[in-house]
1. Sort the stretch 11-77 into rounded, prolate or oblate with this rule: let a ≥ b ≥ c be the square roots of the eigenvalues of the Cα gyration tensor; rounded if a/c is under 1.5, and if a/c is not under 1.5, prolate when a/b is larger than b/c, oblate otherwise.
2. How long are the semi-axes of the ellipsoid equivalent to the stretch 84-127, from square roots of 5 times the Cα gyration tensor eigenvalues, in whole Å, largest first?
3. What length, rounded to one decimal in nm, is gained on full extension from residue 97 through to residue 132, with 0.36 nm per residue of separation minus their alpha-carbon distance?
4. Shape of the chain from its Cα gyration tensor (a ≥ b ≥ c, root eigenvalues): rounded if a/c is under 1.5, otherwise prolate when a/b > b/c, or oblate?
5. Using Cβ contacts closer than 10 Å as the measure, can you line up 48, 179 from fewest to most?
6. Within a 10 angstrom radius of the beta carbon, how do 156, 55 rank from fewest other beta carbons to most?
7. Give the distance, in whole Å, between the Cα centre of the stretch 99-177 and the Cα centre of the stretch 6-82.
8. When DSSP assigns beta bridges and you keep just the ones with both residues in the chain, what percent turn out antiparallel, to the nearest 5?
């Protein structure tokens, strides 16, 4: 079993402007930098083995700031990125939210990805990590699709149910999941094209 802690990246400049960044590589805002420091304090009591982060700077900077006091391996992985909004990258968060909750679960954004496509790439990441870190405890710093995909792979809920559920925020910005090899492999086989 792999124990996985998940946290969203801290507030970015696009978050503050009401834009959905997707694959745009935008920095944290000043507020985001403070949030990242606070996140690190919340993780101080946990025994961790490795930190994984999306390679986009809003996530990687969150992880670097949060875990600067921890002497842990730090790994960037492109598979943990937010999903690609294609032509709608950095568009209105309201528009993106409406699109992805209704029509983008299996249909890609124009010149972008669908929820299913992004879930498959996060699944490939989890499969590798489960193989390499089974029995360990990891942290993943990512985006909305990263969390939805982790929820999908760690449960029996459908993508539609996960994506359409009301947005859940925790003041701690920490979610804990367990990933079991057999259950994961069974689900992994069924989601492949």
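1. Working: a/c = 2.99, a/b = 1.61, b/c = 1.86.
Oblate.
2. On the way: eigenvalues 78, 21, 17 Å².
Ellipsoid half-lengths, sorted descending, are 20, 10, 9 Å.
3. Working: separation 35, 0.36 × 35 = 12.60 nm, distance 3.43 nm.
Result for the pair: 9.2 nm of gain on full extension.
4. oblate
5. Details: 48 16, 179 20.
Least to most surrounded, the residues fall as 48, 179.
6. Details: 156 8, 55 14.
In increasing order of surrounding Cβ atoms, one gets 156, 55.
7. Value for the Cα centre distance between the two parts: 16 Å.
8. Given both bridge residues lie in the chain, the antiparallel proportion sits at roughly 35 percent.
Laboratory data are not the source of any read-out in this text; all were calculated from the coordinates shown. Just so it is clear, the structure is predicted and the values come from calculations on it, not from any experiment. Counting neighbours? That spans all protein chains shown, and the Cβs are built from the backbone with ideal geometry, glycine included.
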